[in-house]
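Q: Quick one: the structure is below, and I'll ask about it shortly.
The values are calculated or read from the model by the stated rules, or taken from the named source; none is laboratory data. Model, not experiment: these values are computed from the prediction. Neighbour counts are summed over all protein chains in view; Cβ atoms, including those assigned to glycine, are modelled from backbone coordinates with ideal geometry. Heavy atoms of the whole protein, side chains included, go into the accessibility calculation; ligands, DNA and RNA do not. Shrake-Rupley method; radii C 1.70, N 1.55, O 1.52, S 1.80 Å.
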Amino acid sequence: MNETASLRARAEIDLAALRANVRVLRERATGAQLMAVVKSDGYGHGAVPCARAAREAGATWLGTATPHEALALRAAGLDGRMMCWLWTPGGPWREAIEADIDVSVGGLWALREVVAAAEAAQCPARVQLKADTGLGRGGCQPADWSELVTEALAAERAGRLKVTGLWSHFACADEPGHPSIAAQLGVYRDMVAYAEKEGVEPEVRHLANSPATLTIPEAHFDLVRTGIAMYGISPAPELGTSAELGLRPVMTLAAAVALVKDAPAGHGVSYGHHYTTPAETTLGLIPVGYADGVPRHASGSGPVLVGGKVRTVAGRVAMDQFVVDLRGDRPEAGAEAVLFGPGDRGEPTAQDWAEAAGTIAYEIVTRIGTRVPRVYVNETADELTGGAPR
């Protein structure tokens, strides 16, 4: 048995698939640059390897939520344009400025902290002003936009910062035809027009996330921010499956069957005995659980490919393990159990697990914990695509 096969569990990350997905997304957003969003450790796939692969495939920007995520990428040697957007008071503004990271500002408190940090660093900050066009999370409300723009321009004239971008985020881009899409586009255009009329000269204007990149070409502007789609997962079933969108899931989650044993009819399985064997059968123990990111909400419903057949979690998912009813089949201990992958070998997908757990596929891949090692395949740029990145 090779080293990979002997692992208790593994998340296999296909970097060639990621590069191919980036190329597909670039083709869907012709004329716009592409930001590869690698927040939350690359949606659970590994931020640094995925960022490098995305760069190889033509991503010109990297994006993270927190400044610490961005600083970690810089420490790993990733250069080029980079942006982070989720700030709290007292954050590492100066470190981000000195690392040449674009920082998002959506309110006066943040702008003033950036200016103070730039003064301390004796280096102008690269600032992107965020507009709240209707999502209701971060960003500046239209009523406060003029004050933010005015103060940002004053700081720019003083040499403390450069306004490099104007951006916002959709609320319902994954719901085709939702009235908020057109409404947000209109508000965004108005807020950009006002800022530019006042003297802002942004390098990039951006609004489109993964679903908007795929379905709303009028929202592409200068830059698109692709997160979940880059990892080969459809942003929403309503938009189509991964295959229908031309994407390939990057992560395959597998484990080694830890035990196969006989069980009589009427035998309770796992905590609470929510599953009882309907007849004499065989049970397989899969050594991953909710501590590894397997959702407990998929107890009794999560699908797993074992021995060429899709089984269902029998009873509750525990912290470190769960059971499948093998219905008399007898795979050997150590046999592969595939929880999810691209689906082309008959294995379930992350979307299947999302439906089993009543959640979204984003959560399924992102929640896979650090106890599960990431195993990278196709690390060179020519193994799946047949040549160097375009």
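Q: Any idea how far the Cα center of region 64-95 sits from the one of region 302-376, in Å?
A: Here the answer is 34 Å between Cα centres.
Q: Scale the Cα Rg of the chain by the rule-of-thumb value 2.2 N^0.38 Å and send over the ratio, two decimals. Write out the running numbers ahead of the final one.
A: Working: Rg = 23.6 Å, N = 390, 2.2 N^0.38 = 21.2 Å.
The chain yields a ratio of 1.11.
Q: Once the mean 1/r over all distinct Cα pairs of region 1-109 is inverted, what Kirkwood radius in angstroms do you read off?
A: One decimal place: 15.2 Å for the Kirkwood radius.
Q: Another question, then. Which value, in debye to the nearest 20, gives the size of the charge dipole of the chain about its Cα centre, when Lys and Arg are +1 and Asp and Glu are -1 at the Cβ?
A: It comes to approximately 320 debye.
Q: Just want the answer: with Cβ charges of +1 for Lys and Arg and -1 for Asp and Glu, which residue in Gly328, Ile360, Tyr271 is farthest toward the dipole's positive end in region 242-390?
A: Value computed over the given set: Tyr271.
Q: Another question, if that's okay. What is the chain's relative contact order, in percent, from Cα pairs under 8 angstrom and six or more apart in sequence? Walk me through the numbers before you get to the answer.
A: Details: 903 pairs, mean separation 72.8, N = 390.
Averaging sequence separation for qualifying contacts and normalising by length gives 19 percent for the chain.
Q: Now, a different point. Could you pull out the longest piece of the chain with no exposed loop GluC sites (Glu not before Pro) in it, calling a site exposed if DSSP puts it outside H, G, I, E, B and it has at most 15 other Cβ atoms within 10 Å?
A: In short, 4-243.
Q: Next question. Roll a 1.4 Å probe over the protein chains and send me the accessible area per residue for the chain in Å². The partial results should precede the final answer.
A: Working: 16130 Å² over 390 residues.
Accessible area per residue: 41 Å².
Q: Taking K and R as +1 and D and E as -1, what net charge do the other residues with C-beta under 15 Å from the C-beta of Tyr271 add up to? Let's see the in-between values first.
A: On the way: positive: Arg296, Arg316; negative: Asp320.
Result for the local shell: +1.
Q: Over the chain, what percent of the accessible surface lies on carbon and sulfur atoms, probe 1.4 Å?
A: The C+S portion of the solvent-accessible surface of the chain is 51 percent.
Q: Additional query: So for region 126-245, taking the charge dipole from beta-carbon charges (+1 Lys/Arg, -1 Asp/Glu), which of Cys140, His178, Gly165 sits furthest toward the positive end?
A: Comparing the listed Cα positions along the dipole, Gly165 ranks first.
Q: Shifting gears a bit: Once you list every other residue whose beta carbon is under 9 Å from the beta carbon of Gly44, what net charge do they have if Lys and Arg are +1 and Asp and Glu are -1?
A: Once positives and negatives cancel, what remains is +1.
Q: Just from its helices, what would the mean residue ellipticity at 222 nm be for the chain, if runs of 4 or more DSSP H residues each count -39500 (n - 2.57) and the sum is divided by every residue, rounded to the nearest 500 deg cm²/dmol? Kindly include the intermediate steps, with their values, before the conclusion.
A: Details: 11 runs with 114 residues, N = 390.
Result for the chain: -8500 deg cm²/dmol, rounded to the nearest 500.
Q: Using a cut-off of 10 Å between beta-carbons, work out the net charge of the residues near Asp329 (Lys and Arg +1, Asp and Glu -1, Asp329 not included).
A: Values: positive: Lys309, Arg311, Arg327, Arg330; negative: Asp325.
Computed value for this residue: +3.
Q: A further question follows. Quick one, could you list the DSSP H helices from the chain stretching 18 Å or more along their long axis (Cα atoms) with average Kyte-Doolittle hydropathy of 1.0 or above?
A: 108-121
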